[in-house]
Amino acid sequence: MEKGTGDKMNKDKHKSFEKREELINIAMKEFGEKGYENASLNNILKETGISKGTFYYHYKNKEDLYMHLLDIITEEKLKFMSKEMNALGPSQSVFDKFKILIKAGMKFANTNPTIDKFAQGFIKEIGTKAYEERMKKYFLSRREFLQSLLQKYGFKSMDYIGDLIEEGYGKGEIRQDLPKDFVKRLVNHTFTNLRVISAAENLEEYEQAANYLVNILKDGIGRR
């Protein structure tokens, strides 16, 4: 068998079957509400009305389904963010772009409530050992797939916040005395956990908190 043929066959099996969309939506809700460990494959199949035989023809196990959901979400978000980021002008500062990026993320969540439900459960698990191991496995197993998505939608890497920070350093908008890797980790962590930090109850409160955050970052890491 040629290299990559097995992966292609697995992805082809995932593409189309009866109740696929229903399975995806119900699985995203289950994982989003209960987290990976507590999500029940039996509950998903019962609610969807899919037999175990049908499920195991298309997916190896619960983890395989979860990884496929990540594939879907990653592509949908990159496609959406690409359109938003292409509207940015070269004269805008990195801090202006942070605000636009956050707003784009909010718009994405608002237009994709099922994906947003999954994302909330996903965010709660960040920092756990199980999460780190699962994501490491995902990025290793999906390396070629993710590279193709980045190329397709015009991104340098999956870390577009980090890419903006690189741009900020290059344009002299970020203090040169601050270690670049530290700034990337700090900003990524804060953005990822902003909903928890802000305790925002709606998108308007979240946007306000996001603007507060960017202003704080500008005063803290921005070049004076």
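The values are calculated or read from the model by the stated rules, or taken from the named source; none is laboratory data. Keep in mind that this is a model prediction, so the values were computed, not measured. No Cβ is skipped: glycine too gets one built from the backbone with ideal geometry, and neighbour counts run over all protein chains shown. What goes into the accessible areas is simple: the full protein's heavy atoms, side chains included, and nothing from ligands, DNA or RNA. Shrake-Rupley method; radii C 1.70, N 1.55, O 1.52, S 1.80 Å.
Worth a mention:
- Residue within the stretch 29-42 that is under 20 Å from L194 (Cβ atoms), open to solvent by less than 40 Å² (accessible area, probe 1.4 Å), at pLDDT 90 or above and under 24 Å from the mean Cα position of the chain (by Cα) present: yes
- Criterion (open to solvent by less than 70 Å² (accessible area, probe 1.4 Å), in contact (Cβ under 8 Å) with a residue 12 or more places away in the chain and farther than 13 Å from A27 by Cα) met by exactly one of T114, T74, T48: T74
- Cβ-Cβ under 7 Å pairs, at least 6 apart or on other chains, the stretch 182-208 side open to solvent by less than 70 Å² (accessible area, probe 1.4 Å), far side among the β-branched types (V, I, T) and not in a helix (DSSP H, G or I): V183/I174; T192/I126
- Selection of the stretch 118-151 for residues being small (G, A, S) and within 17 Å of T74 (Cα to Cα) yields A119, G121, S141, S148.
- Test: residue in the stretch 130-142 that is within 13 Å of the chain's Cα centre (by Cα), of a type outside the set (G, A, S) and surrounded by 15 or more Cβ atoms within 10 Å (Cβ to Cβ): yes
- The lone exception for K180 - which of (1) modelled with pLDDT of 90 or more; (2) closer than 13 Å to I102 by Cβ it fails: (2)
- Every residue from the stretch 87-96 that is open to solvent by less than 20 Å² (accessible area, probe 1.4 Å) and either polar (S, T, N, Q) or touching a Leu at 6+ places or on another chain (Cβ under 6 Å) (or both): V94
- Qualifying residue in the stretch 82-93 (condition: within 30 Å of R175 (Cβ to Cβ), in contact (Cβ under 8 Å) with a residue 60 or more places away in the chain and not small (G, A, S)): yes
- Test set (1) open to solvent by 20 Å² or more (accessible area, probe 1.4 Å); (2) out of contact with any helix residue (DSSP H, G or I) (no Cβ under 7 Å at 6 or more places or on another chain); (3) not in a loop (DSSP other than H, G, I, E, B) - L150 fails condition number: (1)
- Against the conditions (1) open to solvent by less than 40 Å² (accessible area, probe 1.4 Å); (2) under 28 Å from P113 (Cβ atoms); (3) at pLDDT 90 or above; (4) of a type in the set (F, W, Y), F155 satisfies every one except (3).
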